[in-house]
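A quick write-up on the structure given underneath.
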Amino acid sequence: MQVNTLILGAGAAGLMCAAHAGPNTLVIDHAKKPGEKIRISGGGRCNFTNMYCTPQNFLCENPHFAKSALARYTQWDFIELVAKHGIAYHEKTLGQLFCDGKSTQIIDMLLAEMAQAEAALWLQTNIISVAHDGTDFVVVLEHKSKRKTVLARNLVLATGGKSIPKMGATGLAYDIAAQFGHSLTETRPALVPFTFSDNPFTPMSGTAADTRATAGQTSFDEATLFTHRGLSGPAMLQISSYWREGEAISLNLDPQNTLYEALRTQRQTQGRKQLTTELARHLPTKLIEHLTIPLALSGNLADQSDTRLSEIVSALQNWHLKPTATEGYRTAEVTLGGISTAEISSKSMESSLQKGLYMIGECVDVTGWLGGFNFQWAWSSGVAAARDI
Ligand code: FDA
């Protein structure tokens, strides 16, 4: 069987690419259904893009790489597509757009676009081998228990990263890219909760606080969630992409820097109030209970000098914690790193080593922040490849 374009992976990037790649396109996937990660994303409502998406929201060895694709198919292009299909959506926070209804609406939209482009989809199809005969890619597949050889002028790698192996994630794109001489950057689980051995946060599991979380030079002002395993919530997922084993993370529990003045003011009028009672007006009670002994929080407000209040606030603003590890690929939303961008055209996503070979989506060393950026990368890189094909 001969096709113009064979796309490996019917996830976000592969489906988007198929919808734009022109006639005689075949998409294959080993899963039973296409777009499974879209289905489970955003708590079932798919945070499909971010209104404030810029190249600064991505990690990549080459910080300029994502610029071209993101500029040529923007969040506004995708929003227009969503609107064209009559899918209702809303901004949850920080420019993050979610479906009002189910995330399957996004999958149905992509399948409808693909059908209109007359692209074919084979599910439950395994990839046995990939080669190039000098003219075409020769891909041996197993479809419905039968071996089939597909000859393709263009081959698009869109099998994603390693996160959530239970959902069928594999490192296949890395292996095929390496087979054609591509270099790989280190891969790590990202957008993932932190774990602590002898987790000290178990008694306050379920408590959330507004924080500024810092790892290395990077900070995020978002909520932190204390869990029975360790630390989670958007702030923790965000900085997990910047954290390395053995390092401490820093939590600022007073990111607006208003607590010191608030405590001094209260001391003037409510001097007999317990310090911990007053702190619990600003921070979750369970968190204050957790910090009472380590910070020696005792006495009433009138007992606290300016110096002491300043010490307490400083400790709350600079809480250093050393995670043991992360929850790993089991729960990571994405894989950091991947196929190096050094040998990929930023304009077309085509390999500079093998004509007709394209790499898109999460398998490439481009990783977005939490908040719809990873899907935007899947849409933008998918369209970039399709337009070149
Ligand atoms: P994706 O993983 O979507 O697709 C790859 C496809 O390849 C899959 O269909 C898989 O079955 C197939 N495949 C893999 N190996 C294969 C093999 N060996 N043979 C055949 N087929 C193979 N992002 C965001 O922007 N907003 C959000 O709300 C969320 N939410 C979210 C929640 C959860 C729980 C997760 C795990 C992830 C998110 N993400 C997200 C991240 C987002 O899902 C991710 O970045 C994109 O799905 C990546 O798109 P790709 O098409 O590159 O890979």
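The values are calculated or read from the model by the stated rules, or taken from the named source; none is laboratory data. In this text, all values refer to a predicted model and were calculated from it rather than measured experimentally. Backbone-built Cβ (ideal geometry, glycine too); neighbour counts: all protein chains shown. Side chains are part of the model used for accessible areas, which takes the heavy atoms of the whole protein and leaves out ligands, DNA and RNA. Shrake-Rupley method; radii C 1.70, N 1.55, O 1.52, S 1.80 Å.
Quick check on segment 47-65. Is at least one of its residues out of contact with any Lys or Arg (no Cβ under 9 Å at 6 or more places or on another chain), within 15 Å of the ligand (Cβ to nearest atom) and under 30 Å from SER145 (Cα atoms)?
No: zero hits.
For ALA386, are the conditions met, namely being at pLDDT 95 or above, more than 8 Å from the ligand (Cβ to nearest atom), buried (at least 24 other Cβ atoms within 10 Å of the Cβ) and of a type in the set (Gly, Ala, Ser)?
Here the answer is yes, as ALA386 does meet what is asked.
Any chance you could count how many residues in segment 356-383 are within 6 Å of the ligand (Cβ to nearest atom) and among the small types (Gly, Ala, Ser)?
3
What are the pairs with Cβ atoms under 8 angstrom where one residue, in segment 366-379, is β-branched (Val, Ile, Thr) and the other, located anywhere, is open to solvent by 10 Å² or more (accessible area, probe 1.4 Å) and near the ligand (Cβ under 8 Å from one of its atoms)? Sequence gap at least six, or different chains.
Short answer, once both residue conditions are applied: THR367/ASN374.
Taking segment 124-134, which residues are open to solvent by 40 Å² or more (accessible area, probe 1.4 Å), more than 9 Å from the ligand (Cβ to nearest atom) and of a type in the set (A, V, I, L, M)?
Passing the criteria: ILE128, ALA131.
Are any residues in segment 111-129 under 15 Å from ASP29 (Cβ atoms) and touching a residue at least 60 places away in the same chain (Cβ under 8 Å), and if so, which ones?
Answer for segment 111-129, where residues must be under 15 Å from ASP29 (Cβ atoms) and touching a residue at least 60 places away in the same chain (Cβ under 8 Å): LEU111, MET114, ALA119, ALA120, LEU121, TRP122, LEU123, GLN124, THR125, ASN126, ILE127.
Assuming ALA384 fulfils every condition listed in (1) without any contact (Cβ under 8 Å) to a residue 12 or more places away in the chain; (2) part of a helix (DSSP H, G or I) apart from one, which condition is it?
Unmet for ALA384, out of (1) without any contact (Cβ under 8 Å) to a residue 12 or more places away in the chain; (2) part of a helix (DSSP H, G or I): (1).
Among what's in segment 342-382 and is out of contact with any Asp or Glu (no Cβ under 8 Å at 6 or more places or on another chain) and over 21 Å from LEU59 (Cβ atoms), pick the residue that is least open to solvent (accessible area, probe 1.4 Å).
GLN354
Just for helices (runs of 4 or more DSSP H) wholly inside segment 239-314: which have at least 2 residues that are under 26 Å from SER197 (Cα atoms)?
Fully inside segment 239-314 and qualifying: 285-292.
Determine whether SER314 is open to solvent by 40 Å² or more (accessible area, probe 1.4 Å) and away from the ligand (no atom under 13 Å from the Cβ).
In short, yes.
From the list GLY35, GLY9, GLY43, GLY101, exactly one residue is surrounded by fewer than 16 Cβ atoms within 10 Å (Cβ to Cβ), within 22 Å of the chain's Cα centre (by Cα) and within 11 Å of the ligand (Cβ to nearest atom). Which is it?
Checking each option against the conditions leaves just GLY43.
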